[in-house]
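Inspection log for the structure reproduced underneath, given as structure tokens.
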Amino acid sequence: MKDAIKKIQMIMLLGFAFALVACDPSEETANETGTDPLNVVTTIAQIGEPLSVIGGDYIHVESLMGPSVDPHLYSPTQSDMSKIGDADLIIYNGLNLEANMVEVFDAISETKPVLAVGDAINEKDLLTDEEGSIDPHIWFDLDLWQEALDSAVEALKIYQPEYADYFEANKQEYFAELAEVKQEAEKLADIPTSQRILVTAHDAFGYFGRMHDMEVIGLQGLSTNSEIGISDINQTIAIIKEHQVPAIFVESSINPNAIEAVIAGAENEGISLKLGGQLYSDAMGEAGTEEGSYLGMYRHNIETIYHALSEGME
């Protein structure tokens, strides 16, 4: 964590130095007067929405990737480049989640502050797949995401030190709510062990599974760029049959065809399998809805998984 904060401070200092050189010294900017909120651009709403709560009126947050947007495949638009160019601070997940934007962030980091919150996570706490690729979906581990958000808040403090106490107080309130969600998730342990298998469209729930002691099966790999073969579908059906898994799930940002193929294949083998509902993985819900907040999205997933997989408990 200390190394991540040092990196943030270096980024901020470089960005500030560039601004002093690039700006006309006779002009006083809105940020220097403190009259305008800090303009923060994030990639995913899982970062942006919590920061908007913590930052309050002192920051303006805009997330580039909205509901149903797949960050693995997303490429920046001309509008995105304009927003990035106008930003005071850019924050993204990193760990190769936004694969098509890495070069953009590397280039822009030479002129303004750019932060990857994934850099705040200790390498030993990161999951990898069989090929050694890092799982970027760290927001599904509530403890790791707290560390990630903490690094983002530290960046806000460095950029706006006059509001550091305000940011810290709001952060502590938000983290208390995170702790409540973590406690609510304990009900997942009541699902019979044999049914505690989470089958989704792609392998986005590894951290969720590790945190809540669930086996996770994604038809695609960590990235939605990977292909789904007939063998993947057949292997999944075999696992479902062996463990009598009652339900599988679609994801809001992923085409449901593969999951529907599994359900159809299971039916052909006489297996009773239902669609357990829609989960939010790489994208959250519509802004203004419960699922449009990080805490609400996580709660929705907990409840949807619990009710679908606990079938036959009572």
Given (1) among the small types (Gly, Ala, Ser); (2) assigned to a helix (DSSP H, G or I); (3) within 25 Å of Gly285 (Cβ to Cβ), number of the condition Ala107 does not satisfy = (3)
Within the stretch 141-158, of all residues that are of a type in the set (Asp, Glu) and under 18 Å from Ser52 (Cβ atoms), the one surrounded by the most Cβ atoms within 10 Å (Cβ to Cβ) is Glu154
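Residues are listed down the side, and each one gets a yes or a no for (1) out of contact with any helix residue (DSSP H, G or I) (no Cβ under 7 Å at 6 or more places or on another chain); (2) under 27 Å from Pro256 (Cβ atoms):
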position: Asp57; (1), (2): yes, no
position: Thr77; (1), (2): yes, yes
position: Met81; (1), (2): yes, no
position: Ile91; (1), (2): no, no
position: Leu126; (1), (2): yes, no
position: Ile134; (1), (2): yes, yes
position: Ile138; (1), (2): no, yes
position: Asp141; (1), (2): no, yes
His307 being surrounded by fewer than 21 Cβ atoms within 10 Å (Cβ to Cβ), over 23 Å from Ser133 (Cα atoms), of a type outside the set (Ser, Thr, Tyr) and modelled with pLDDT of 95 or more = yes
Given the conditions (1) under 25 Å from Asn170 (Cβ atoms); (2) at pLDDT 95 or above, every one holds for Met12 apart from (2)
What number goes with the only condition from (1) among the small types (Gly, Ala, Ser); (2) crowded, with 21+ Cβ neighbours inside 10 Å; (3) at pLDDT 90 or above that Gly265 does not pass?
-> (2)
The stretch 159-169 - residue that is touching a residue at least 40 places away in the same chain (Cβ under 8 Å) and surrounded by fewer than 19 Cβ atoms within 10 Å (Cβ to Cβ) and, of those, farthest from the chain's Cα centre (by Cα) = Glu162
Subset of the stretch 246-258 (residues that are at pLDDT 90 or above and not aromatic (Phe, Trp, Tyr)) = Pro246, Ala247, Ile248, Val250, Glu251
Given the conditions (1) over 20 Å from Leu127 (Cβ atoms); (2) modelled with pLDDT under 90, which single one is not true for Gly221?
-> (1)
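State which residue is farthest from Gly209 (Cα to Cα) when the search covers only the stretch 84-93 and only residues that are assigned to a strand (DSSP E or B) and in contact with a Pro (Cβ under 8 Å, 6 or more places away or on another chain).
Leu89
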May I ask you to list the residues in the stretch 171-220 that are buried (at least 19 other Cβ atoms within 10 Å of the Cβ), of a type outside the set (A, V, I, L, M, F, W, C) and outside any helix (DSSP H, G or I)?
-> Arg196, Thr200, His202, Asp203, Gly218, Gln220
State the number of residues belonging to the stretch 66-86 that are of a type in the set (Asp, Glu) and closer than 18 Å to Val40 by Cβ.
-> 2
Name the one entry in Glu251, Glu242, Glu269 that is within 25 Å of the chain's Cα centre (by Cα) and among the acidic types (Asp, Glu).
-> Glu251
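Can you go through Ala99, Ala87 and tell me which one is surrounded by fewer than 17 Cβ atoms within 10 Å (Cβ to Cβ) and not polar (S, T, N, Q)? Talk me through it step by step, then tell me what you get.
Values: Ala87 fails: surrounded by fewer than 17 Cβ atoms within 10 Å (Cβ to Cβ).
Just a single option satisfies the conditions, and that option is Ala99.
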Taking the stated definitions as given, is Ile5 modelled with pLDDT of 95 or more, under 26 Å from Leu95 (Cβ atoms) and assigned to a helix (DSSP H, G or I)?
-> no
Whichever residue in the stretch 110-131 is touching a residue at least 60 places away in the same chain (Cβ under 8 Å) and in a helix (DSSP H, G or I) and, among such residues, is farthest from Asn170 (Cα to Cα) | Asp119
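Table: residues versus (1) out of contact with any Leu (no Cβ under 6 Å at 6 or more places or on another chain); (2) at pLDDT below 95; (3) part of a loop (DSSP other than H, G, I, E, B).
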position	(1), (2), (3)
Ala17	yes, yes, no
Asp24	yes, yes, yes
Asn31	yes, yes, no
Val40	no, no, no
Leu51	yes, no, no
Pro67	yes, yes, yes
His72	yes, yes, yes
Leu95	yes, no, yes
Near pairs, Cβ below 8 angstrom, 6+ apart or cross-chain, from the stretch 132-143 (under 15 Å from Gln46 (Cβ atoms) and part of a helix (DSSP H, G or I)) to any residue that is modelled with pLDDT of 95 or more and of a type in the set (Gly, Ala, Ser) = Ile138/Gly118; Ile138/Ala148; Trp139/Ala148; Phe140/Gly206; Leu142/Ala185
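The values are calculated or read from the model by the stated rules, or taken from the named source; none is laboratory data. Worth saying up front: this structure is predicted, and the values here are computed from it rather than measured. With ideal geometry, Cβ positions are generated from the backbone for all residues, glycine too; neighbour counts draw on all protein chains shown.
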